[in-house]
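The values are calculated or read from the model by the stated rules, or taken from the named source; none is laboratory data. Quantities reported herein were computed from a predicted structural model and do not represent experimental measurements. When we count neighbours, we look across all protein chains shown, and the Cβ atoms used for this are built from the backbone with ideal geometry, even at glycine.
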Amino acid sequence: MGKDFWYELAGQPEAVEQIRRAVEHRADGVFHSWLITGPPGSGRSVLAQKFAAALQCPEQGCGKCHSCVLAAANTHPDINVLSTEKVQIAIAEVRDLVNQSSFGSSMGGYRILIIEDADRMAPVAANVLLKALEEPPANTIWILCAPSEVDMLPTIRSRVRKLNLKVPSVEDVAKLLVERDNIDPKLATLVAAEAQSHIGMARRLALSPEVRKRRHEYLVAAMSINNVTHAVKASAKWLELAKKDALDLTKERDEEELQELRHSLGLAPSDTVPPAYRPDIKRLEENQKRRATRSMRDGIDRILVDLLALYRDVLTVQLYTGADLVNRDLEIQIREVATSTTAKNTIHIIDEIEKARERIDRNVRDMFVLDSLASTLKRSAN
């Protein structure tokens, strides 16, 4: 195998070794369905794609051959990936992937189908997939990715081989950022800690001063709540920053997708869309709206995750545990908060933040959830 083929799987030696063995013994047969689980940012999708590329590669993962180059560019004809930025994966998307699984390999290897965020499948969509797993065509391999086994139907869990990823260490994530992205080691360690070892988020923090600034702003806003006015301003600030983050992630891609669609329809940038093509434009806009909704929810959840880390830092100081702080650049402010309240109050805040995440997941209105949380911080500050 290529020396550096698996290096992006930071802190996952056990999972990588298991995949290596499966690839090395592929001549004896490869199990037809796999479930890769692990916390967000642990590298589930990266492992799935590396696994698929290694299975297709004559050298078991060299990173240089034609097959590996196609896989790295997401253009390999025998590797199909279903990823979503919507709240839910629709049944039509799964049916389309199942139909593709019936096609033979065009390059003489395997037909590999990857479903990222498989936990987002609607129940009816999961049942469509189940039928495909029960009777897979020859040389067809399914790779599913989800946060945990319990997020999948029991009938699907019983038909897959399981691979669990762990949370990588701060040191492992920092090393990856230095080697892959040429990030300064000191900054890499700082953002790896702030991202709580979420590889994708750590990379965003490392590469974007604006993202780091926004994170600093919403954490400081939380620690500055002393009255009702501060609470109202803080919740508004959180919502504003979540919207900015979502817009950053979706705006450029939305524009690119629209231009690509217009080009495929034979329309110049200045052309009026003919009536016959308006349904295509409308479908794209609806998909983009769903993606924006998910990006907004993910942005709010990211703020809540960071607030959890902030108040766990406060509790760490209050209990004199001696553990390293996640938010090392806010240590002075954290110690001030720790001395101004009690550990009991801090535990209550942590519980309320967890409840806020559950409410967001249940589609409770964003502003209501954030207002309620900010009011809790205000009461605890008094």
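Show the residue pairs meeting these rules: Cβ distance below 6 Å; 6+ apart or different chains; first residue within region 123-151 and under 19 Å from Arg44 (Cα atoms) and outside the structural domain of Arg44 (by TED's automatic domain parsing); second residue of a type outside the set (D, E, K, R) and in a helix (DSSP H, G or I).
none
Being part of a strand (DSSP E or B) and among the hydrophobic types (A, V, I, L, M, F, W, C) is the filter here; which residues of region 118-159 pass it?
Met121, Ile141, Trp142, Ile143, Leu144, Cys145, Ala146
Which is closer than 20 Å to Val220 by Cβ, part of a helix (DSSP H, G or I), touching a residue at least 40 places away in the same chain (Cβ under 8 Å) and assigned by TED's automatic domain parsing to the domain that holds Glu256, of Arg312, Arg302, Arg290?
Unique residue meeting the criteria: Arg302.
List, please: which pairs have Cβ atoms under 9 Å, are six or more places apart or on different chains, and start with a residue in region 177-194 that is outside the structural domain of Pro40 (by TED's automatic domain parsing) and end with one that is of a type in the set (Phe, Trp, Tyr)?
Listed by first residue and then by second, the contacts come to Glu179/Tyr7; Arg180/Tyr7.
Got a sec? Which of Leu304, Leu258, Leu310, Leu239 is on the phi < 0 side of the Ramachandran plot, at pLDDT below 90 and hydrophobic (A, V, I, L, M, F, W, C)?
Exactly one residue qualifies, and that residue is Leu258.
With the requirement that a residue be of a type in the set (S, T, N, Q) and touching a helix residue (DSSP H, G or I) at 6+ places or on another chain (Cβ under 7 Å), what does region 110-163 give you?
The answer is Thr140, Thr155.
Would you point out which residue out of Asp324, Asp245 is acidic (Asp, Glu), under 30 Å from Lys213 (Cβ atoms) and over 24 Å from the mean Cα position of the chain (by Cα)?
Asp324
Among the residues of region 316-358, which ones are surrounded by 13 or more Cβ atoms within 10 Å (Cβ to Cβ), hydrophobic (A, V, I, L, M, F, W, C) and closer than 15 Å to Ala222 by Cα?
Correct list: Leu330, Ile334, Val337, Ala338, Ile349, Ile350, Ile353, Ala356.
On the given criteria, is Leu35 in contact with a Leu (Cβ under 6 Å, 6 or more places away or on another chain) and modelled with pLDDT of 90 or more?
yes
Out of the residues in region 19-76 that are of a type in the set (Val, Ile, Thr) and in a helix (DSSP H, G or I), which is surrounded by the most Cβ atoms within 10 Å (Cβ to Cβ)?
Ile19
What pairs come out if I take residues in region 64-81 that are charged (D, E, K, R) and pair them with residues that are surrounded by fewer than 22 Cβ atoms within 10 Å (Cβ to Cβ) whose C-beta lies under 8 Å away, six or more apart or interchain?
Lys64/Gly2; Asp78/Ser105; Asp78/Ser106; Asp78/Met107; Asp78/Gly109; Asp78/Tyr110
Exactly one condition in (1) part of a helix (DSSP H, G or I); (2) surrounded by fewer than 19 Cβ atoms within 10 Å (Cβ to Cβ) is false for Lys162; which is it?
Condition not satisfied by Lys162: (1).
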